[in-house]
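Novice: My questions will all concern the structure given below.
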Amino acid sequence: VQLQASGGGLVQAGGSLRLSCAASGRTFSNLLIGWFRQAPGKEREFVAAISRSGGSTWYADLVKGRFTISRDNAKNTVVLQMNVLKPEDTAVYYCAADPKSFGAGRPTDFGSWGQGTLVTVSS
């Protein structure tokens, strides 16, 4: 599966951004989709994930209540709505996919990755 993340940019603290992940090459509705992020000098970390049907979602504690993940299987797209952004949210955000069910949110649980989109939150 090919994944294309978009929607990153520069935003002030307290603002919002909407990231999109478009998929092609495999039946989208068979894939668990996750978002991860990696800040300079830090390890890649789990942000959110959504089940194949969209009926289940998972979030990292750091983003709960501020980020919302959703999917449209008819459009092969997953959206990460990010609100009340903080400077510590600054990172490259990646979408990832895997046919397996959600496990522990480890990067190694996902076999396909997009190229990443940069989110910068200024204070």
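The values are calculated or read from the model by the stated rules, or taken from the named source; none is laboratory data. A quick note: this is a predicted structure, and the numbers were derived from the prediction, not measured. Note that each Cβ is placed from the backbone with ideal geometry, even for glycine, and that neighbours are counted across all protein chains shown. For accessibility, only protein heavy atoms count, side chains too; no ligands or nucleic acids. Shrake-Rupley method; radii C 1.70, N 1.55, O 1.52, S 1.80 Å.
Novice: State whether one or more residues within the range 99-109 are farther than 19 Å from Ala22 by Cα and among the aromatic types (Phe, Trp, Tyr).
Specialist: Checking the range 99-109: at least one residue is farther than 19 Å from Ala22 by Cα and among the aromatic types (Phe, Trp, Tyr).
Novice: When you scan the range 64-81, do you find a residue that is of a type in the set (Gly, Ala, Ser), open to solvent by less than 50 Å² (accessible area, probe 1.4 Å) and either touching a residue at least 24 places away in the same chain (Cβ under 8 Å) or farther than 21 Å from Gln2 by Cα (or both), even just one?
Specialist: The first filter runs over the range 64-81 and keeps only residues of a type in the set (Gly, Ala, Ser), leaving 65, 70, 74.
Subsequent filtering for residues that are open to solvent by less than 50 Å² (accessible area, probe 1.4 Å) retains none.
No, the range 64-81 contains no residue that is of a type in the set (Gly, Ala, Ser), open to solvent by less than 50 Å² (accessible area, probe 1.4 Å) and either touching a residue at least 24 places away in the same chain (Cβ under 8 Å) or farther than 21 Å from Gln2 by Cα (or both).
Novice: Consider Asp109 carefully, then state whether it is over 12 Å from Val47 (Cβ atoms), touching a Leu at 6+ places or on another chain (Cβ under 6 Å) and either touching a residue at least 40 places away in the same chain (Cβ under 8 Å) or surrounded by 15 or more Cβ atoms within 10 Å (Cβ to Cβ) (or both).
Specialist: On the way: over 12 Å from Val47 (Cβ atoms): yes; touching a Leu at 6+ places or on another chain (Cβ under 6 Å): no; either touching a residue at least 40 places away in the same chain (Cβ under 8 Å) or surrounded by 15 or more Cβ atoms within 10 Å (Cβ to Cβ) (or both): yes.
For Asp109, the condition - over 12 Å from Val47 (Cβ atoms), touching a Leu at 6+ places or on another chain (Cβ under 6 Å) and either touching a residue at least 40 places away in the same chain (Cβ under 8 Å) or surrounded by 15 or more Cβ atoms within 10 Å (Cβ to Cβ) (or both) - is not met.
Novice: Looking at the structure I just gave you, is Arg52 within 19 Å of Ser123 (Cβ to Cβ), of a type in the set (Lys, Arg) and either in contact with a Ser or Thr (Cβ under 8 Å, 6 or more places away or on another chain) or open to solvent by less than 30 Å² (accessible area, probe 1.4 Å) (or both)?
Specialist: On the way: within 19 Å of Ser123 (Cβ to Cβ): no; of a type in the set (Lys, Arg): yes; either in contact with a Ser or Thr (Cβ under 8 Å, 6 or more places away or on another chain) or open to solvent by less than 30 Å² (accessible area, probe 1.4 Å) (or both): yes.
In short, no.
Novice: Also: From the set of residues in the range 112-121 that are open to solvent by 40 Å² or more (accessible area, probe 1.4 Å) and in contact with a Gly (Cβ under 9 Å, 6 or more places away or on another chain), which is farthest from Thr27 (Cα to Cα)?
Specialist: Thr120
Novice: Would you mind listing the strands (runs of 3 or more DSSP E) fully within the range 1-111 where at least 1 residues are among the polar types (S, T, N, Q)?
Specialist: Output list reads 2-6, 9-12, 17-24, 32-38, 57-59, 67-72, 77-82.
Novice: Now, a different point. Tell me which residues, restricted to the range 82-101, are more than 14 Å from the chain's Cα centre (by Cα) and either open to solvent by 40 Å² or more (accessible area, probe 1.4 Å) or modelled with pLDDT under 95 (or both).
Specialist: Val84, Lys86, Pro87, Glu88, Pro99, Lys100, Ser101
Novice: Confirm whether Leu3 is touching a strand residue (DSSP E or B) at 6+ places or on another chain (Cβ under 6 Å) and open to solvent by less than 10 Å² (accessible area, probe 1.4 Å). Break it down into steps so the answer makes sense when it comes.
Specialist: Details: touching a strand residue (DSSP E or B) at 6+ places or on another chain (Cβ under 6 Å): yes; open to solvent by less than 10 Å² (accessible area, probe 1.4 Å): no.
No: the conditions fail for Leu3.
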